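K.L.:
Below you will find the structure I want to go over with you.
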Amino acid sequence: MSGIYTPVEAAIAPSQSHDDMRHGLLGHSTHEEHTNISGPKPDEPLRKEIGLFSASSIIIGQVVGSGIFSTPGSIVLLCGTPSTALVLWVVSGVVSLGGALGSAELGTMFPQNGGMIRYLSHAYPRPRALCATIMTYSVTFFCRPAAIAANTAVFAQYFFFAAGQKEYIESRDYLLRGIGVLVLTVLLVLNMVSVR
């Protein structure tokens, strides 16, 4: 095949395994360097704890979140016209689709668990897993908590919209924060009890 991209299967010689090929492409890193010693063994299958509905809900919650409810008004206001806002949404959708297709291709090239951490550790093995570790810490301590906090704040606002009590949104900020903390605590306890 010509071009920049060569499928993994086409790059492997008949006497060469996937691990040998990755070893050759990635320098001197081995499969053992990238596996978690305390986690399940590579040959041990993972148990299915999350069904289709739960997995779909998690993905939609992470991708769409509450931004779809809270940002359209400000986007239209900043764009000036609804048609400009729609063009912006379409262009953003195309860019997002490119990211999703790239993630899907990486997922087929590395079918093991780990996601973005595995991709980064294979792409940047030296210094050992530095890029993957930085990404893990930033997502764990900054990105995901900020997104969850934003979702709970929007939930509290729309809770009062649904109850017909719009005056609570402007006058009682502490109440919005309290409802957000309560919702976050309930979800945390539910996820600690069971992942289903």
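The values are calculated or read from the model by the stated rules, or taken from the named source; none is laboratory data. Given the structure is predicted, the values throughout are model-derived calculations rather than measurements. Note that each Cβ is placed from the backbone with ideal geometry, even for glycine, and that neighbours are counted across all protein chains shown. Calculation scope for accessible area: heavy atoms of the full protein, side chains included, ligands and nucleic acids excluded. Shrake-Rupley method; radii C 1.70, N 1.55, O 1.52, S 1.80 Å.
K.L.:
So what are the ³J(HN,Hα) numbers for the range 49-59, from phi and the Karplus equation (6.51, -1.76, 1.60; θ = phi - 60°), rounded to whole Hz, Gly and Pro as x?
P.N.:
Couplings: 10, 10, x, 5, 5, 5, 5, 4, 5, 5, 5 Hz.
K.L.:
How large is the charge dipole for the range 39-155, taken about the Cα centre, if only the Cβ atoms of Lys, Arg (+1) and Asp, Glu (-1) carry charge, to the nearest 20 debye?
P.N.:
Roughly 280 debye for the range 39-155.
K.L.:
Quick one: 3J(HN,Hα) in Hz for the range 173-181, Karplus 6.51/-1.76/1.60 with θ = phi - 60°, rounded, Gly and Pro as x.
P.N.:
Using θ = phi - 60°, the values come out as 5, 4, 5, 4, 5, x, 5, x, 5 Hz.
K.L.:
Output wanted: per-residue J couplings in Hz (rounded whole) for the range 100-106, from phi through Karplus 6.51 cos²θ - 1.76 cosθ + 1.60, θ = phi - 60°, x for Gly and Pro.
P.N.:
5, 5, x, 5, 5, 5, 4
K.L.:
Using +1 at the C-beta of Lys and Arg and -1 at the C-beta of Asp and Glu, which of 184, 90, 165 has the Cα lying farthest in the positive direction of the dipole of the range 68-196?
P.N.:
Result: 184, furthest along the dipole toward the positive end.
K.L.:
Compute the relative contact order of the range 47-187 as a whole-number percentage, counting only Cα pairs closer than 8 Å that sit 6 or more residues apart in sequence.
P.N.:
Averaging sequence separation for qualifying contacts and normalising by length gives 17 percent for the range 47-187.
K.L.:
Tell me, what is the per residue accessible area of the range 89-180 in Å², probe radius 1.4 Å?
P.N.:
67
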